[in-house]
Amino acid sequence: MNPEESIDSVVARWSAQARWTVVTGAGVSAASGVPTFRGAGGLWRSFRAEELATPEAFRRDPRTVWEWYEWRRQLIAAAAPNRAHEVLADWSRRQSGFTLITQNVDGLHERAGTRNVIRFHGSIWELGCLESCRGPARRWNDGRVPLPELPPRCPDCSGLARPGVVWFGEPIDPDTLLQSERALDCDVCLVVGTSSLVYPAAGLAAVARERGAFIVEINPEPGASDVDLVIAGKAEEVLGRMDSLIH
Ligand code: NAD
Ligand code: ZN
């Protein structure tokens, strides 16, 4: 199948009643100018993301880790949702069985108006207390750019505040896992803009497939395993084309 035929075959599965679950990663925000972790532009200073987004790195050098998050918060604040975010937001309003599971922490899906978003890895706009003085689930919003103080402090105990994201080596919030688990009972599962290397997120599509869903990967450099159809292309272009055929 050529890319156009592949797109047609996915669009043929679209209906207002069909249950579609879309799993997104950093590639969906690439066209908004938000750098991915892997691939070109994946470095900040000379650090790799795996060296910064960990509990150990934060304990060792919270200031450097916070400077990296501050840099990313500034980039994201200046960015806007792109065509990929807009199309998914539109589908989320038109399809009753639509769920979006995103690994992105940038909030661009929500800014585009997407309904039913599961934030698998948290949000860069939320902060938490490193010492969990009011429980591990307590998070608060802080959208200030720049933050007035680095590292920021917990308003309850004045201890170190941490970004409200899931770091490498940390577990996914159990409620979030449960919600995602339910969303994997679907007819079609699109895996968009993710390198499918970070677990457990990378295993979601395989679960949907075991339950009978049709899995489609959309990525200019595809690499996910266990998919039924690969569309090698950019999220903003492929989803834009699909949407123009659906309407
Ligand atoms: P990743 O950086 O590992 O992979 C990005 C993927 O996007 C690659 O496979 C690349 O080929 C693809 N890609 C690049 N441009 C694309 C485009 N225009 N359209 C479609 N695909 C494109 O990202 P990941 O798989 O999401 O995993 C990294 C982790 O880092 C995630 O858990 C996430 O929490 C975090 N992260 C988030 C953001 C964000 O919030 N925007 C950005 C970077 C990393
Ligand atoms: Zn505290």
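Read-outs: derived from the displayed coordinates by stated rules, not from any lab. Just so we're clear, the structure is a prediction, and the values are computed from it rather than from any experiment. Quick reminder, even Gly has a Cβ in these numbers, built from the backbone with ideal geometry, and neighbours come from all protein chains shown.
Highest mean packing comes first when the peptides 90-103, 141-154 are listed by Cβ atoms within 10 Å, giving 90-103, 141-154. For region 62-141, the share of alpha carbon pairs falling in successive 10 Å distance bins from zero is 17, 41, 29, 12, 1 percent.
Bridges between two residues of the chain, per DSSP, are antiparallel at a rate of about 30%. A P(r) calculated from all alpha carbon pairs of the chain, with 5 Å bins opening at zero, reads 1, 6, 13, 18, 19, 16, 11, 8, 4, 2, 1, 0 percent.
Our note on the geometry: Cα centres of region 3-47 and region 138-163, 31 Å apart. Cysteine residues of the chain whose Cβ has no partner cysteine Cβ closer than 4.7 Å: C186, C189. Taking only the C-alpha atoms of region 33-166, the Rg (one decimal) and the largest Cα-Cα distance, Dmax (whole number), read 15.8, 47 Å. Note on region 173-247: Kirkwood hydrodynamic radius from all Cα pairs is 13.0 Å, rounded to one decimal. Residue by residue, region 110-127 carries 3J(HN,Hα) couplings of 5, 5, 7, x, 6, 8, 6, 9, 9, 8, 4, 10, x, 9, 6, 8, 10, 10 Hz when phi is fed to the Karplus relation 6.51 cos²θ - 1.76 cosθ + 1.60 (θ = phi - 60°); x denotes Gly or Pro. Taking every Cα-Cα distance in region 112-168 and sorting them into 10 Å bins from zero, the calculated P(r) comes out as 22, 51, 22, 5 percent. For region 158-170, 3J(HN,Hα) computed residue by residue from phi via the Karplus equation (6.51, -1.76, 1.60; θ = phi - 60°) reads 6, x, 5, 9, 10, x, x, 10, 8, 8, 4, x, 9 Hz, glycine and proline entered as x.
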